[in-house]
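Notes for the one structure printed next.
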Amino acid sequence: MADANTPDSSGKPTAPPTTAKADAAPAKMLSLVKGQHRFCFRYETGDEPRVLDALVEMVNRRDVSFDWFDAAVLSHQLGQHLAKELKGYLPKKAA
């Protein structure tokens, strides 16, 4: 699931504590710095649709300065992560 580090009233991001599973794949992260705000979305492989849903929810929030351009930047990062992961499944060319 995606978490958003949204700033509190002091402008500092808030984040719930995270616990890493020893046998789980490392979590991936999308991040965006916009002025004094920092947006961070952590997710695991397979949760990409939920990340996109979370981006839409952030755009629709009136209390956060997160717009469609910001969502596009982060969804582009998501696409880059997916492309990198897919390259790992392609056979290597014979020399």
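The values are calculated or read from the model by the stated rules, or taken from the named source; none is laboratory data. Please read these numbers as outputs of a predicted model, since none were measured by experiment. Cβ: placed from backbone, ideal geometry, glycine included. Neighbour counts: every protein chain shown.
Working only within segment 56-66, note down all residues that are in contact (Cβ under 8 Å) with a residue 12 or more places away in the chain and not in a loop (DSSP other than H, G, I, E, B). Result: Val56, Met58, Val59. Candidates are the residues of segment 67-81 that are without any contact (Cβ under 8 Å) to a residue 40 or more places away in the chain and surrounded by 13 or more Cβ atoms within 10 Å (Cβ to Cβ); the one that is farthest from the chain's Cα centre (by Cα) is Asp70. Taking the conditions (1) modelled with pLDDT of 95 or more; (2) out of contact with any Asp or Glu (no Cβ under 7 Å at 6 or more places or on another chain) in turn, His81 satisfies each one other than (1). Taken over segment 37-53, the criterion of being in a loop (DSSP other than H, G, I, E, B) and loosely packed, with under 11 Cβ neighbours inside 10 Å is satisfied by Gly46 alone. Pairs meeting the criteria (first residue in segment 19-33 and over 18 Å from Ala72 (Cβ atoms) and assigned to a loop (DSSP other than H, G, I, E, B), second residue β-branched (Val, Ile, Thr) and at pLDDT below 55, beta carbons under 9 Å, at least 6 apart or on different chains) are Ala27/Thr18. Within the span defined as segment 54-65, one or more residues are surrounded by fewer than 16 Cβ atoms within 10 Å (Cβ to Cβ) and hydrophobic (A, V, I, L, M, F, W, C).
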